[in-house]
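The values are calculated or read from the model by the stated rules, or taken from the named source; none is laboratory data. Note that the coordinates shown come from a computational prediction; the quantities given were computed from them, not determined experimentally. Note that we place each Cβ from the backbone using ideal geometry, even for glycine, and neighbour counts take in every protein chain shown. The accessibility values were calculated without ligands, DNA or RNA, using every heavy atom of the protein model including side chains. Shrake-Rupley method; radii C 1.70, N 1.55, O 1.52, S 1.80 Å.
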Amino acid sequence: MQVEVSGSAVISLLVDNESGALARIVELFSGRGYNIQSLTVAPVDEHGSTSRVNIVTTGTQSSIRQVKTQLERLVPVSRVVNLTAEGPYVAREMALVKVVSSGEPRTEALRIAQAFRARAVDTTASSFVFELTGSTDKLDSFIELMRPLGLVEVSRTGVASICRGPQTIQNF
Amino acid sequence: MTRTTGSTTLTAQTTATQPGAEVLLRALVEQGVEVIFGYPGGAVLPIYDALFKQNHIRHVLVRHEQAAVHAAEAYARSTGKVGVVLVTSGPGATNAVTGLLDAMMDSIPLVCLSGQVPTPLIGNDAFQEADTTGITRPVTKYNYLVRKPEDLAPAVHEAFAIARSGRPGPVLIDLPKNITVGDALYVDAKSVTPRTTRMTSEPDRAAIARAVAAMKAGKRPLFYTGGGVINSGPQASKALRKLVDLTGFPVTSTLMGLGAFPGTDRRFLGMLGMHGTYEANLATHDCDVLIALGSRFDDRVTGRLDAFSPNSFKIHVDIDPSQINKIVHVNEGIVGDVGQIIDLMIEEWEKQPAYAHKSDLDAWWAQIEGWRALDCLRFGQDQAPDAVIKPQQAIQRIYELARQTGRDTYVSTEVGQHQMWAAQFFRFDAPNRWLTSGGLGTMGYGLPAAVGAQIAHPDALVMDVAGEASTLMNIQELGTIAQYRLPVKIFIINNHYMGMVRQWQELLHGSRYSESYSDALPDFVKLAESFHATGLRVTRLDQLDATIRQALEHNGPVLVDICVEEGENCFPMIPSGAAHNQMILGPEQEASSATISKEGQMLV
């Protein structure tokens with residue numbers, strides 16, 4: 001048996017927007033020992049009856065295949081796509097990053113924020129709250145750069161993802 | 001407001017509303033429900049009141065909610081229908097949890113109706129309130145909390161569709177009391193589109209063709225069949241027989257699959273796995289094509305994974321895509337109903353060029369017969385009239401004497417040594433006759449299962465092959481047996497130990513029998529009598545047959561306390577983490593296995 005390498009995958013689901021649907025998904029991950037790195041969920045259709053869930057998980061290829069087939073067994077789940085495996089996709093998340101500093105670090109923080117195209121959505125004499133949207137990597141590096149400059153708090157949304165081109169989650 | 005009785009409203013076609021409890025029963029009737037196993041309580045009183053007022057559905061009162069679920073499981077397993085359970089809120093629902101998981105693990109279609117406190121009280125820690133949907137989420141295929149009257153009938157119809165579709169399983173419907181008391185509108189089944197239809201696909205014929213080509217190329221092939229063949233229906237068992245006739249390949253089965261292929265057929269090698277036969281396990285290890293039909297590579301079957309059937313081309317047919325490549329990587333996975341796939345395999349087998357390895361197959365069979373000659377289930381029974389009975393002797397004679405009656409026979413078991421011996425010694429001719437807790441290994445399963453089977457088949461011979469420790473876990477069901485005059489035969493293989501625990505302690509824990517002795521046992525004969533049944537006891541070999549016969553001939557419930565050898569172990573045994581060719585054999589075989597292993601070294 002060859003040793004499989006672990007990697008991360010973005011899985012997108014369409015689920016009936018019913019009570020307990022999210023619990024089923026989350027409990028499947030905890031009950032079977034799968035990992036959730038981030039999770040987003042919101043209704044996406046005009047009636048609010050279908051929600052889209054995006055999960056970033058890590059594991060070997062075969063364990064991620066297992067995650068997908070296990071998710072497909074859930075009654076309220078109507079669609080499961082492993083976007084990482086299925087071709088090019090866009091994955092974005094948003095972060096709110098609070099920096100409390102003054103003097104040179106404060107100026108430096110603002111300069112870096114401009115380079116990253118982060119917006120200052122709240123400003124006081126001693127603090128900024130930056131809003132930044134982008135890939136997980138971009139957010140990670142922004143946060144790392146802010147750390148020595150007075151970073152005190154981070155709030156992140158987790159990944160929203162969609163496949164590139166005209167095809168949709170329904171076509172897979 | 002006019003309220004008609006249940007029996008008339010059940011047939012009335014009207015758009016008027018009815019109390020929720022009556023809507024519920026009407027939906028059950030439309031789903032073909034004839035029997036409910038249940039136990040009343042505050043939150044389900046409206047449902048019990050509606051049951052009282054109708055004649056379509058029979059209610060069987062158990063003595064504990066866990067037993068209701070096991071009885072419904074056996075009812076379902078032995079009839080192919082969906083079993084139905086009715087329990088109250090709080091402790092009623094939590095008591096059902098073990099049974100629900102048991103049904104989940106063994107893929108048994110059930111619908112469990114649980115009472116719930118009224119919706120305005122949910123979340124207030126009300127009397128007998130439990131977060132039932134939360135608690136049962138991981139032990140059911142799906143569950144509902146009905147919050148609106150208009151959701152009631154559609155939920156019931158969809159629940160049955162979910163329970164019986166795909167890989168069957170238990171579904172729970174939590175029913176707040178204000179929903180069953182309040183009025184609701186009836187909706188019939190055909191106006192509900194269950195969500196089970198979403199993920200269905202046609203079987204992959206190209207994959208079937210490749211699988212059959214691999215079977216045609218096989219020189220040492222083996223069928224490894226499981227509970228899926230039973231779940232697929234009697235037609236699948238027939239198809240399996242035809243496929244085996246056509247190919248001439250040997251067959252082994254999991255615990256849950258026993259009966260799908262006739263146990264008395266020469267091509268059947270017995271069960272495989274931890275307590276499987278020598279020939280079945282060595283054939284699994286050495287085969288070059290392994291055809292898994294409706295089985296799931298359970299750890300009790302595979303033993304050490306990296307040594308499981310190491311050189312075979314593996315074909316896996318399962319209705320549940322998540323089972324394929326879950327544990328063992330297979331070369332050809334086919335998703336679909338196993339009965340249908342077997343039919344397509346037969347079609348493909350006849351279409352493709354004739355099987356060209358007949359002489360290799362003959363050699364394979366010769367090898368298997370060599371292994372079979374070890375007679376791995378043979379045991380040494382002292383033949384003196386007053387000799388202590390070996391548990392294997394008891395179980396073998398129960399099987400043989402029951403067979404002599406010629407009656408249609410259903411066998412349930414508890415869990416442990418006696419279960420494994422029953423699996424080894426009972427040879428089933430037909431599916432749906434073997435009722436055992438496989439995946440979950442629930443002690444206390446057998447007695448309520450016998451209740452369920454006897455309710456479903458009132459004229460059949462129903463036996464519970466039991467252990468004294470397991471059966472005490474649901475012994476209160478003797479009350480149910482008495483109330484409904486169920487002529488169940490309970491054979492307690494009494495070795496004064498939790499036998500399988502004792503065996504593992506002997507083999508793996510230096511014979512330190514920590515807490516595994518069955519101390520302070522009741523007098524089972526008096527216990528039976530106090531529950532209005534006949535109690536018999538046998539302690540010596542010369543009385544064994546007569547006692548079993550007496551039990552089988554009696555037309556009421558009988559409990560037989562068969563006092564057996566205490567220290568007997570169940571062999572063959574693959575210790576956890578060992579390979580299939582590293583079986584521990586019984587004392588009878590150890591002597592001959594020395595000679596066998598010389599020839600065997602070439603074979604194994």
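Collect residues whose amide H, placed 1.01 Å from N in the peptide plane, falls under 5 Å from the amide H of B:Y445; neighbours closer than 5 in sequence don't count.
Counting only residues 5 or more places away or on other chains, the set is B:V415.
Skipping prolines and chain starts, which residues have an amide H placed within reach, meaning under 5 Å, of the one on B:V84, given they are 5 or more residues away or on another chain?
Those lying under 5 Å, H to H, from B:V84 are B:F37, B:V111.
Amide H neighbours of A:A118 under 5 Å, at least 5 residues apart or on other chains, H built in the peptide plane: list them.
Here nothing satisfies the definition.
Using alpha carbons only, how many degrees (0 to 90, rounded to 10) separate the axis of helix A:136-146 from the longest principal axis of chain A?
20 degrees
Given 5 Å bins starting at zero, what is the percent of C-alpha pairs of chain A in each, up to the one with the largest pair distance?
Percent of pairs per bin, in order: 2, 8, 16, 17, 14, 13, 11, 10, 7, 3, 1, 0, 0.
How far is helix B:499-508 tilted, in degrees, relative to the longest principal axis of the Cα atoms in chain B, given as a value from 0 to 90 rounded to the nearest 10?
Roughly 50 degrees between the two axes.
If you take every residue apart from B:V85 with its C-beta less than 10 Å away from the C-beta of B:V85, what net charge results, scoring Lys and Arg +1 and Asp and Glu -1?
Overall, the nearby charge balance is -2.
Starting from the Kirkwood radius over alpha-carbon pairs of chain B, derive D by Stokes-Einstein at 4 °C in a medium of 1.567 mPa s and give it in µm² s⁻¹.
On the way: Rh = 25.3 Å.
Using the Kirkwood radius from Cα pairs, D works out to 51 µm²/s.
For the range B:84-99, what does the Karplus curve 6.51 cos²θ - 1.76 cosθ + 1.60, with θ = phi - 60°, yield as ³J(HN,Hα) per residue in whole Hz, taken in order and with x for Gly and Pro?
Using θ = phi - 60°, the values come out as 10, 10, 10, 9, 8, 6, x, x, x, 6, 5, 5, 7, 4, 4, x Hz.
Shape call for the range A:90-160 from the C-alpha gyration tensor, a ≥ b ≥ c root eigenvalues: rounded (a/c under 1.5), prolate (a/b greater than b/c) or oblate?
Taking the square roots of the gyration eigenvalues as a ≥ b ≥ c, the range A:90-160 is prolate.
Do the alpha carbons of any pairs in B:K81/B:K326; B:K141/B:K238; B:K216/B:K314; A:K98/A:K138; B:K219/B:K326; A:K68/B:K81 sit beyond 23 Å of each other, and which pairs?
Checking Cα-Cα distances, B:K81/B:K326; B:K141/B:K238; B:K219/B:K326; A:K68/B:K81 exceed 23 Å.
With a ≥ b ≥ c the root eigenvalues of the C-alpha gyration tensor of the range B:6-197, is it rounded (a/c under 1.5), prolate (a/b larger than b/c) or oblate?
The shape class here is rounded.
Kindly identify the range A:6-87 as rounded, prolate or oblate by the Cα gyration tensor criterion: order the square roots of the eigenvalues as a ≥ b ≥ c, call it rounded if a/c is under 1.5, otherwise compare a/b with b/c, prolate if a/b is larger, else oblate.
prolate
Defining a contact as two alpha carbons under 8 Å apart and six or more residues distant in sequence, what relative contact order in percent does chain B show?
Rounded, it is 14 percent for chain B.
Give the range of the longest stretch in chain A that excludes all trypsin sites (Lys or Arg not before Pro) found in loop regions by DSSP and having at most 16 other beta-carbon atoms within 10 Å.
Excluding the exposed sites themselves, the longest stretch runs over A:33-116.
Which residues of the range B:325-339 end up with at least 30 Å² less accessible area in the presence of all protein chains than when their chain stands alone, using a 1.4 Å probe?
Hits at the 30 Å² cut-off: B:K326.
Let me check I've understood the local charge: for B:T254, count other residues with C-beta under 11 angstrom from its C-beta, Lys and Arg +1, Asp and Glu -1. What total comes out? The partial results should precede the final answer.
Values: positive: B:R296, B:R300; negative: B:D106, B:D298.
That sum, taken over residues with Cβ under 11 Å, equals 0.
Counting other C-beta atoms within 10 Å, and keeping those with at most 15, which DSSP coil trypsin sites (Lys or Arg not before Pro) do you find in the range B:276-333?
Hits after loop and neighbour filter: B:R304.
Give the span of the range B:356-460's Cα atoms along each principal axis, as three whole-Å numbers ordered largest to smallest.
Projected onto its principal axes, the Cα set of the range B:356-460 covers 50, 43, 31 Å.
Can you compute 3J(HN,Hα) from phi for each residue in the range B:265-278, using the Karplus curve 6.51 cos²θ - 1.76 cosθ + 1.60 with θ = phi - 60°, rounded to whole Hz and x for Gly and Pro?
6, 4, 7, 8, 9, x, 6, 9, x, 3, 10, x, 6, 4
Anything losing 30 Å² or more of accessible area from the isolated chain to the full protein assembly: pick those residues out of the range A:23-47, probe 1.4 Å, ligands and DNA/RNA ignored.
A:R24, A:E27
Got the relative contact order for the range B:205-372 handy, in percent, Cα pairs under 8 Å and 6 or more residues apart?
30 percent
Sort B:T284, A:T136 by heavy-atom solvent-accessible area, probe 1.4 angstrom, most to least.
A:T136, B:T284
Expressed as an acute angle from 0 to 90° and rounded to the nearest 10, what is the orientation of the C-alpha long axis of helix A:61-72 relative to the principal long axis of chain A?
Approximately 70 degrees, to the nearest ten.
Tabulate in residue order the Karplus-calculated ³J(HN,Hα) for the range B:452-465, using 6.51 cos²θ - 1.76 cosθ + 1.60 with θ = phi - 60°, rounded to whole Hz; enter x for Gly and Pro.
Calculated HN-Hα couplings, in order: x, 5, 6, 4, 6, 10, x, 9, 8, 7, 10, 10, 10, 8 Hz.
Tell me what the protein assembly as shown gives for mean residue ellipticity at 222 nm when only DSSP H runs of n ≥ 4 count, each as -39,500 (n - 2.57), the sum divided by the residue total, rounded to 500 deg cm²/dmol.
Working: 29 runs with 291 residues, N = 776.
Only helices count here, giving -11000 deg cm²/dmol.
Using +1 at the Cβ of each Lys and Arg and -1 at the Cβ of each Asp and Glu in the protein assembly as shown, identify which of B:A211, A:T84, B:N569 lies farthest towards the dipole's positive end.
A:T84
Can you tell me the relative contact order of the range A:6-140? Whole percent, Cα pairs under 8 Å, sequence separation 6 or more.
Values: 218 pairs, mean separation 33.7, N = 135.
Taking the mean separation of contacting Cα pairs over the length of the range A:6-140, I get 25 percent.
If we count every other residue with Cβ under 15 angstrom of B:V29's Cβ, Lys/Arg +1 and Asp/Glu -1, where does the sum land?
Within the 15 Å Cβ shell, the charges total +1.
With the dipole of the range B:258-412 worked out from charges on the C-beta (+1 for Lys and Arg, -1 for Asp and Glu) around the Cα centre, which of B:C287, B:G380, B:T302 lies farthest toward the positive end?
B:G380
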